[in-house]
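Novice: Have a look at the structure that comes next, please.
The values are calculated or read from the model by the stated rules, or taken from the named source; none is laboratory data. Everything numeric here is computed off the predicted structure, so don't read it as measured data. Here the Cβ positions follow ideal geometry from the backbone for every residue, glycine too, while neighbour counts run over all protein chains shown.
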Amino acid sequence: MAEPKKLKSEDKLHGSSSTWGKFQDYMGEFVYGGIDGSVTTFAVVAGAAGADLSASIVLILGFANLIADGFSMSVGAYLSTKTERDNYEKHKNIEYWEVENLPEREVEEVREIYQAKGFEGELLEQVVAKITENKDRWVDVMMKEELEMTPESKSPLAIGMVTFLSFIAIGLIPLLIYVYSYIAGIETENTFTIASVLTSLAFIGIGWLKSYVTQTNQLRSILETLSLGASAAILAYFVGDFLESIVR
């Protein structure tokens, strides 16, 4: 009876690893969606704070930006990935046509590619013969070596969804204190300060994740994300303050 339990535990561990692996595949989309969401939403909050707008107005502007910009960014990510995939398939079909209808020219192109890599003589001919004996292998080589194109393995729909969810989840953080203030009916001068602290923590977290994705120094990645968010917020704050002084 002990052995089946062991197998179940191993299956559970394997399943968890598989789920983590899938999440890692889309980590880049999560990070950049989160960065964009937090920066743009905090800029709206900062601009509203500079204009001395009420919490209700901040919520209207913040959520309108959150949903509209999040949807726009996710659609852009979806269409970009789908376009890349469609473009790859188009060129792949062209290569299949050329292999079937212009085999001599395609064989010579393979030979030139591997000559440039240093192959020569009998070894070169063996490599060319091996590659061109199978159409799928042949086309795959031409796509990678001649056109420098690789297939996009990630789902365009999944990329769009991860981008949207990350944008909403991280972009919501600057608005949390305003939601609380509105629900509780409490509006203080410290609201924007608290929003700034919460957003800074979000920047730190997303900056750390960015260092994991880009394989760069953690401190540098965190500081870059913080400085980006701070720059956008400062600019928005003073624009809001300037416009408020003109309008009123």
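Novice: When the residues of segment 150-160 are filtered to those that are surrounded by fewer than 17 Cβ atoms within 10 Å (Cβ to Cβ) and at pLDDT 90 or above, which remaining residue is farthest from residue 24 (Cα to Cα)?
Specialist: Here the residue is 157.
Novice: For residue 216, state whether it is touching a Pro at 6+ places or on another chain (Cβ under 6 Å) and not acidic (Asp, Glu).
Specialist: Values: touching a Pro at 6+ places or on another chain (Cβ under 6 Å): no; not acidic (Asp, Glu): yes.
Criteria not met by residue 216.
Novice: I'm trying to understand the selection: among the residues of segment 199-247, which are modelled with pLDDT of 85 or more and acidic (Asp, Glu)?
Specialist: 224
Novice: Scanning for something crowded, with 20+ Cβ neighbours inside 10 Å, under 22 Å from residue 203 (Cβ atoms) and at pLDDT 90 or above, does segment 77-97 turn up at least one residue?
Specialist: Yes - at least one qualifying residue is present in segment 77-97.
Novice: Another one. Does residue 42 count as within 22 Å of residue 208 (Cβ to Cβ) and modelled with pLDDT of 90 or more?
Specialist: Values: within 22 Å of residue 208 (Cβ to Cβ): yes; modelled with pLDDT of 90 or more: yes.
So residue 42 passes the test.
Novice: Restricting to segment 166-191, name every residue that is surrounded by fewer than 16 Cβ atoms within 10 Å (Cβ to Cβ) and under 27 Å from the mean Cα position of the chain (by Cα). Outline the logic, then answer.
Specialist: Taking segment 166-191 first, the residues surrounded by fewer than 16 Cβ atoms within 10 Å (Cβ to Cβ) are 176, 179-180, 183-190.
176, the sole residue that qualifies.
Novice: For segment 81-116: of the residues being among the hydroxyl-bearing types (Ser, Thr, Tyr) and in contact with a Pro (Cβ under 8 Å, 6 or more places away or on another chain), which is nearest to residue 137 (Cα to Cα)? If you could, list the steps in order and put the result at the bottom.
Specialist: We begin by selecting, within segment 81-116, every residue among the hydroxyl-bearing types (Ser, Thr, Tyr); these are 81, 83, 88, 96, 114.
After this cut, where a residue has to be in contact with a Pro (Cβ under 8 Å, 6 or more places away or on another chain) as well, the list is 81, 88.
Details: 81: 24, 88: 16 Å.
The extreme case among them is 88.
Novice: Which one of these does residue 121 not meet: (1) within 39 Å of the chain's Cα centre (by Cα); (2) over 14 Å from residue 145 (Cβ atoms); (3) of a type in the set (Gly, Ala, Ser)?
Specialist: That leaves (1) as the condition not met.
Each row is one residue, and each column tells you yes or no for (1) under 30 Å from residue 146 (Cα atoms); (2) among the basic types (Lys, Arg); (3) without any contact (Cβ under 8 Å) to a residue 60 or more places away in the chain.
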site: 51; (1), (2), (3): no, no, no
site: 66; (1), (2), (3): no, no, no
site: 75; (1), (2), (3): no, no, no
site: 98; (1), (2), (3): yes, no, yes
site: 105; (1), (2), (3): yes, yes, yes
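Novice: Applying the selection to segment 194-248, what residues are hydroxyl-bearing (Ser, Thr, Tyr), under 18 Å from residue 33 (Cα atoms), surrounded by 15 or more Cβ atoms within 10 Å (Cβ to Cβ) and over 19 Å from the mean Cα position of the chain (by Cα)?
Specialist: Answer for segment 194-248, where residues must be hydroxyl-bearing (Ser, Thr, Tyr), under 18 Å from residue 33 (Cα atoms), surrounded by 15 or more Cβ atoms within 10 Å (Cβ to Cβ) and over 19 Å from the mean Cα position of the chain (by Cα): 199, 200.
Novice: Based on this model, can you work out whether residue 19 counts as surrounded by fewer than 19 Cβ atoms within 10 Å (Cβ to Cβ), at pLDDT below 90 and hydroxyl-bearing (Ser, Thr, Tyr)? Working first, answer last.
Specialist: Values: surrounded by fewer than 19 Cβ atoms within 10 Å (Cβ to Cβ): yes; at pLDDT below 90: yes; hydroxyl-bearing (Ser, Thr, Tyr): yes.
Against the criterion (surrounded by fewer than 19 Cβ atoms within 10 Å (Cβ to Cβ), at pLDDT below 90 and hydroxyl-bearing (Ser, Thr, Tyr)), residue 19 qualifies.
Novice: In segment 116-144, what residues are in a helix (DSSP H, G or I) and surrounded by fewer than 13 Cβ atoms within 10 Å (Cβ to Cβ)? Give the derivation first.
Specialist: Kept after step one, since they are in a helix (DSSP H, G or I), are these residues of segment 116-144: 116, 121-132, 135-144.
Of everything in segment 116-144, those that are in a helix (DSSP H, G or I) and surrounded by fewer than 13 Cβ atoms within 10 Å (Cβ to Cβ) turn out to be 116, 121, 122, 123, 126, 129, 130, 136, 137.
Novice: Here is a further query. Just checking, how many residues over segment 100-116 are of a type in the set (Lys, Arg) and within 15 Å of residue 129 (Cβ to Cβ)?
Specialist: Applying the first criterion (of a type in the set (Lys, Arg)) to segment 100-116 yields 105, 111.
Subsequent filtering for residues that are within 15 Å of residue 129 (Cβ to Cβ) retains 111.
The qualifying residues number 1.
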